[in-house]
Each structure stands twice: as C-alpha cells, then as structure tokens.
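In what follows, a structure is listed as structure tokens, so that the remarks can point back to it.
The values are calculated or read from the model by the stated rules, or taken from the named source; none is laboratory data. From a predicted model like this one, the values you see are computed outputs, not experimental measurements. Note: ideal-geometry Cβ built from the backbone for every residue, glycine included; neighbour counts use all protein chains shown. In case anyone asks, the SASA skips ligands and DNA or RNA and just uses the protein heavy atoms, side chains included. Shrake-Rupley method; radii C 1.70, N 1.55, O 1.52, S 1.80 Å.
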Amino acid sequence: MAHPFHVIPDSTATAAQNMAYDFLLLQRYQPADAIRFRHYNWSRAAFTFGLSQRFSYVSSEVDDLSAELVRRPTGGGVVNHLDDWTYALVIPASHPLAKGQPIDTYRAVHECIVNAMLRQNVLVELNLSTPDDHAPSVCFNKAELYDVVLQNLPSKIAGAAQKRSKNGFLMQGSIWKPMVSSLEWNRFYNDLVIELATLMQGEVEYVSAPSWAPSEEEALTEQFDSEDWNQRR
C-alpha cells in the first residue's frame with residue numbers, strides 16, 4: 001500500500017526554530033503514516049552540529065562569531081549553512097525503509113539526489129570509500145561512505161545526519177551549492193521529490209504547513225537555543 005508523501009511548504013527561520021520544526025515533524029506530525037519532506041532556509045548565518053559533538057571542538061572550527069551555533073537532534077559533523085540547500089525527510093516507522101539499517105536508507109536517499117542531479121547533467125556519484133577517521137568533524141571537509149561527490153574528484157557535495165525514534169526516521173541533509181553552481185534549483189527540487197516518492201512508493205501531495213501547539217514549538221525552540229542544550233558536552 002502506498003504511503004502519502006507530503007511535501008511541506010518552504011520556510012525561513014532561525015537555526016533553533018528549524019531544529020524544533022524538524023523534531024516536531026518526526027514526533028508530532030499527523031497523519032503518522034505520511035512521509036514528510038521539506039526544504040528550508042536560514043534567516044541568518046548559521047552552523048549546526050551533531051548530537052554527540054563536543055561544543056569546544058565545534059566552536060573552534062567556526063570563524064564567524066556572529067553566526068548561530070546550534071546542536072542538531074541528529075548526529076553527524078559541523079554543517080555550514082551559509083550557502084547550502086537544506087532539507088529534512090521523515091520516513092514513518094510503518095515504512096519498510098525506516099525499519100532497515102540506517103546506512104542502507106542513507107545510501108538510497110543519496111542515490112535519489114545523484115539521480116536528480118544527473119537529470120541536469122551534473123556529474124555526481126556516491127562515495128564508495130570509507131574514511132580512516134570516523135569521528136564527526138566538519139561536514140564538507142571529507143566524504144563519508146555514500147555521501148554525494150563529484151565524479152572522479154574527492155569533493156563532497158551532499159551529506160546528511162540521522163535520528164531514529166519509535167515514530168520513524170529523520171534525515172537532515174545539506175547540499176553545498178557552490179560545488180554545483182550550474183544546477184537549476186527549482187527543477188532539482190521537483191526532480192528530487194519524484195525520485196524520493198518513486199523510491200518509497202509514495203503518493204505526492206503538496207500540503208499546507210503543519211499545525212501543532214504553539215507552546216510546544218516555542219518550548220522546543222528555546223531548548224535548541226539554550227546553553228544547556230548546545231554546551232551539554
């Protein structure tokens with residue numbers, strides 16, 4: 001049976017607001033069996049970093065002292081959002097892709113990105129080598145297994161971070177736009193939706209923005225903006 005594939009309207013927000021929104025997409029969205037996809041922007045310079053990273057390391061890697069610095073609910077390394085194309089994908093727990101190994105889901109989603117870029121003759125491929133150092137660092141400094149890279153070059157274009165809960169599987173992804181400057185982004189967006197929906201056998205629906213308790217969203221935003229959260233380790 002096909003799952004509804006909900007494409008949520010674009011939005012622009014602070015780093016803490018974006019993290020809260022993605023977390024609510026995973027934990028509170030209705031209907032619970034819908035796949036959820038959104039592309040979003042940043043209202044000011046921002047860097048996000050992985051759940052397990054040390055704040056002291058992260059802050060040492062960021063030169064822009066005016067930028068927001070927020071810990072994600074997902075793993076991964078430090079991501080510079082100054083010039084990236086950011087998305088979130090939630091696969092509900094009832095979907096087969098949410099039940100498999102995270103690395104397999106990671107590969108399948110990134111294959112969709114590769115296919116969407118190849119439609120515009122942007123020559124990219126999956127990285128099939130494993131780095132010697134597995135510690136999360138600065139995201140675009142090195143390609144992890146199944147990241148998207150330029151063909152025949154080590155340059156990383158797209159990576160993602162993941163979180164699994166009883167409600168499903170959240171993937172927060174980033175594509176570094178300067179590396180694929182010839183890409184027409186609206187066309188890429190549409191092609192990526194088609195690729196993802198085909199992969200997940202979803203029926204695409206362009207829906208309105210979800211609604212949940214404003215107090216809950218505000219509380220989560222405050223949490224993601226707090227020193228207790230961001231400097232917890």
Subset of segment 87-108 [farther than 17 Å from Ala34 by Cβ and either open to solvent by 60 Å² or more (accessible area, probe 1.4 Å) or among the hydrophobic types (A, V, I, L, M, F, W, C) (or both)]: Gln101, Ile103, Asp104, Arg107, Ala108
Segment 12-37, residues that are of a type in the set (A, V, I, L, M), open to solvent by 10 Å² or more (accessible area, probe 1.4 Å) and closer than 19 Å to Pro214 by Cβ: Ala13
Which numbered condition Pro9 misses (of (1) farther than 25 Å from Lys142 by Cα; (2) open to solvent by 50 Å² or more (accessible area, probe 1.4 Å); (3) not in a strand (DSSP E or B)): (3)
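What about Tyr40, is it of a type in the set (Phe, Trp, Tyr), closer than 20 Å to Asn190 by Cα, surrounded by fewer than 21 Cβ atoms within 10 Å (Cβ to Cβ) and under 17 Å from the mean Cα position of the chain (by Cα)?
Yes.
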Whichever residue in segment 100-138 is of a type in the set (Ser, Thr, Tyr) and modelled with pLDDT of 95 or more and, among such residues, is nearest to Gly77 (Cα to Cα): Tyr106
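What's the total number of residues in segment 153-197 that are of a type in the set (Asp, Glu) and surrounded by fewer than 14 Cβ atoms within 10 Å (Cβ to Cβ)? Quick ask: steps written out before the conclusion?
Taking segment 153-197 and keeping what is of a type in the set (Asp, Glu), we get 184, 191, 195.
From what is left, the residues that are surrounded by fewer than 14 Cβ atoms within 10 Å (Cβ to Cβ) are 184.
Total satisfying the criteria: 1.
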Answer residue from segment 51-71, given it is open to solvent by less than 10 Å² (accessible area, probe 1.4 Å) and at pLDDT 95 or above and is farthest from Pro102 (Cα to Cα) among those: Val70
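Considering Leu65, Leu123, which residue is over 19 Å from the mean Cα position of the chain (by Cα) and over 29 Å from Leu220 (Cβ atoms)? Give the steps one after another, and end with the answer.
Details: Leu65 fails: over 29 Å from Leu220 (Cβ atoms).
The match here is Leu123.
Show me the strands (runs of 3 or more DSSP E) found entirely inside segment 20-75 where at least 3 residues are in contact (Cβ under 8 Å) with a residue 24 or more places away in the chain and in contact with a Phe, Trp or Tyr (Cβ under 8 Å, 6 or more places away or on another chain). Walk me through it before giving the result.
On the way: elements: 35-42, 46-49, 68-71.
Once the strands (runs of 3 or more DSSP E) in segment 20-75 are filtered for at least 3 residues that are in contact (Cβ under 8 Å) with a residue 24 or more places away in the chain and in contact with a Phe, Trp or Tyr (Cβ under 8 Å, 6 or more places away or on another chain), what remains is 35-42, 68-71.
On the given criteria, is Glu144 in contact with a strand residue (DSSP E or B) (Cβ under 6 Å, 6 or more places away or on another chain), open to solvent by 40 Å² or more (accessible area, probe 1.4 Å) and at pLDDT below 95?
On the way: in contact with a strand residue (DSSP E or B) (Cβ under 6 Å, 6 or more places away or on another chain): no; open to solvent by 40 Å² or more (accessible area, probe 1.4 Å): yes; at pLDDT below 95: yes.
Considered against the rule, which asks whether it is in contact with a strand residue (DSSP E or B) (Cβ under 6 Å, 6 or more places away or on another chain), open to solvent by 40 Å² or more (accessible area, probe 1.4 Å) and at pLDDT below 95, Glu144 comes out as no.
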